[in-house]
Amino acid sequence: MRYNIMPAIDSYFITTPIYYVNDVPHLGHAYTTIVCDSLARFMRLDGKEVMFLTGTDEHGQKVEKSARSAGETPSDFTDRVSQRFRDLTAKLGISNDDFIRTTEQRHIKACQAIWTALVKSGDIYLGSYAGWYSVRDEAFFAEGELINGEFGERVAPSGASIEWVEEPSYFFRLSRWQQPLLDFYEKHPHFILPETRRNEVVSFVKGGLQDLSVSRTSFRWGVPVPCDNNHIMYVWLDALTNYLTATGYPEPLSVSFQRFWPATVHVVGKDILRFHAVYWPAFLMSAGITPPERVFAHGWWTVEGQKMSKSLHNVVEPFDLVDKFGLDQVRYFLLREVPFGSDGNFSETALIHRINSDLANDLGNLAQRVFSMIHRNCEAALPAPSTYIDSDNALLGHAHKLLPQIRDSMEQQASHEALEKLWALVRAANAYVDHQAPWSLKKTNPARMNTVLYVLAESLRHIAILIQPFMPTAAGKLLDQLAVPLEARAFDSLGKNNSLTAGRIMPKPEGIFPRFVEGNVSGDSQTL
């Protein structure tokens, strides 16, 4: 059976990596999930049919050892830790359509189906493995890939300890796919992003590919190899298949498979790029399945310039972070602070600066000023504009041009860039209100005041609709204060013929983004 099916044009399938359950979630997990959520929300508002997948990777030797250390069975251990990741998605307001666990029967069925397809293609053979293996990375390494550790010992490139493994193993003929992979990269130059990561992968593949051990016999916590229960499938072949499982694979007539495969983008950390950009497309091509359209590898977060580490007691706990600073505030910081794809440094000082500068001062104060002036000077009714002048047309023109510009950024997974473009409009609106000074027009030129306030309200409508993917709760509050109905909040309402209706009664203004003061969140700092 061949599965080379292209998805519907209006479909968008985005995935996080499935998170390994050897420990509880941290800032890195939250970051990846929030970025994917913003992309999924954007595409839904832009009219696409979206499938957004996340979940947990629950098999492998590392999980088996972690469960033993915790005094639990692997099943009980994975149930407990997987639930913590489910709790995180709720805490972060994530809009995923599915949450997959690799211990589910639907996934075991999909894994065994792709294994069978690889056997039929002639790419699986039985041999024996002798070499270096990192339990922490769940990865095999050639001698030339090892580096010297802190005390001169040989370790994996990640710094993880390694052990010599000798056991019978099934192998995947990865070497056979070296040239097809290079041809695929050349034909699809945007398959791997950012560009620097693409260059790394291409260089690695050009250096020569060795056949890959894809089964283990030294532990039992995994998916049994079809027709040979002495072997457990290699955890990465198991884990990667989750993306297919969620579409209904191996059923070729599954509606979800027909609609959403190949995936639009797999978002992963840079440390697992090789598995997604080399092994995964090779497995898929061997099985007769179209590879995903893109793999985007993002960077890592340090904390105050240091790598997050339990030993340094600097692991950022996302649940506590949201409780302290607020959900939309955390989402905005993570999406805005660092160009997606680059490494970033987390500090509470930087987070507080973003909250107080970008959110409270820039957007929050703009909204509070405009809504308060309408409520006080226009009897809470949106005023009717009269003749537009150049400055009015310039601000409205900026607002009307923004969606295509932000769409370009989001199609490249550049959430930080999209927010920078949005804030250019926020700054322009603040400059406009300062220059027009509508508070002084009440007595001298009330018609002009009405026009200025209408232009500002319309600009805020564009801003509020466009920030929904990034800060959905705050956006909803802004749209509520503009009295925009729920059915008029998708991106197709941003056309020039869908402006706010004058005379609409607006509710009493409420602050959206209070300033953050250590030990207290103050709502009194937004000024008129």
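Read-outs throughout are calculated quantities, based only on the coordinates presented, and are distinct from any laboratory measurement. The structure presented is a predicted model; accordingly, all values stated were derived computationally and were not measured. Positions of Cβ are generated from backbone atoms using ideal geometry, with glycine treated the same way; all protein chains shown enter the neighbour counts.
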Using alpha carbons only: equivalent-ellipsoid semi-axes of the chain, gyration tensor based, whole Å: 50, 25, 19
Mean Kyte hydropathy of -0.5 or more with a Cα span along the axis of at least 18 Å, helices from DSSP in the chain: 27-45, 105-120, 415-436, 446-466
Calculated FRET value between E186 and D408, using beta carbons and R₀ = 35 Å, to 0.05: 0.90
Net charge of neighbours whose Cβ lies under 12 Å from the Cβ of H400, counting Lys and Arg as +1 and Asp and Glu as -1: +2
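Could you sort 154-166, 128-140 so that the peptide with the highest average Cβ count within 10 Å comes first and the rest follow in order?
The most tightly packed comes first, giving 128-140, 154-166.
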Rounded to whole Å, sorted largest first: equivalent-ellipsoid semi-axes of the stretch 426-513, Cα gyration tensor: 23, 14, 13
Inter-label distance, nm, simple model (7 Å from Cα along the C-beta direction), E163/K324: 3.7
Mean projected area in nm² (Cα convex hull; one quarter of hull surface) for the stretch 314-410: 9.4
Over the chain: helical MRE at 222 nm, DSSP H runs n ≥ 4 each giving -39500 (n - 2.57), nearest 500: -13000 deg cm²/dmol
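Taking the Cβ-Cβ separation of D79 and E379 as r and a Förster radius of 41 Å, what is the calculated FRET efficiency to the nearest 0.05? Write down the numbers at each step before the final one.
Numbers: r = 58 Å, r/R0 = 1.42.
Once rounded, the FRET efficiency stands at 0.10.
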Nonlocal amide H pairs with G341, under 5 Å, H built at 1.01 Å: G299
Calculated log₁₀ intensity ratio I(q)/I(0) where the Debye formula runs over C-alpha points of the stretch 255-366, q = 0.14, 0.19 Å⁻¹: -0.76, -1.00
Total formal charge among the other residues, if their Cβ is under 15 angstrom from that of A384, Lys/Arg +1 and Asp/Glu -1: -1
Spacing of the two label points (7 Å from each Cα toward its C-beta) at N314 and R106, in nm: 4.1
Segment S391-D434, extension gain: residue separation times 0.36 nm, minus the distance between their alpha carbons: 14.3 nm
Rounded if a/c under 1.5, otherwise prolate or oblate - the stretch 271-313, Cα gyration tensor axes: prolate
Of all DSSP beta bridges in the stretch 11-299, antiparallel share, percent nearest 5: 50
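How much net charge surrounds R101 when only other residues with a Cβ under 11 Å from its Cβ are counted (Lys, Arg +1; Asp, Glu -1)? Walk me through the intermediate numbers first.
On the way: positive: R86, R106; negative: D57, E58, D79, D98, E104.
Surrounding charge for R101 is -3.
Out of every Cα-Cα pair in the stretch 59-209, what percent are more than 21 Å apart? Each step should come with its number before you reach the end.
Details: 7618 of 11325 pairs.
Counting pairs separated by more than 21 Å, the tail of P(r) holds 67 percent.
Provide the convex hull volume over Cα atoms per residue for the stretch 348-522, in Å³.
Enclosed volume per residue, from the Cα hull, is 119 Å³.
Nothing charged except the Cβ atoms of Lys and Arg (+1) and of Asp and Glu (-1): what's the magnitude of the dipole of the chain about its Cα centre? Round to the nearest 20 debye. Don't jump to the answer; show the numbers that get you there.
Numbers: 51 positive and 60 negative charges, 258 e Å.
That gives the chain a dipole magnitude of about 1240 debye.
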Under 5 Å, built H, 5+ apart or other chain: amide partners of G55: Y19, I100
Rounded to 5, the percent of DSSP beta bridges in the chain classed as antiparallel: 55
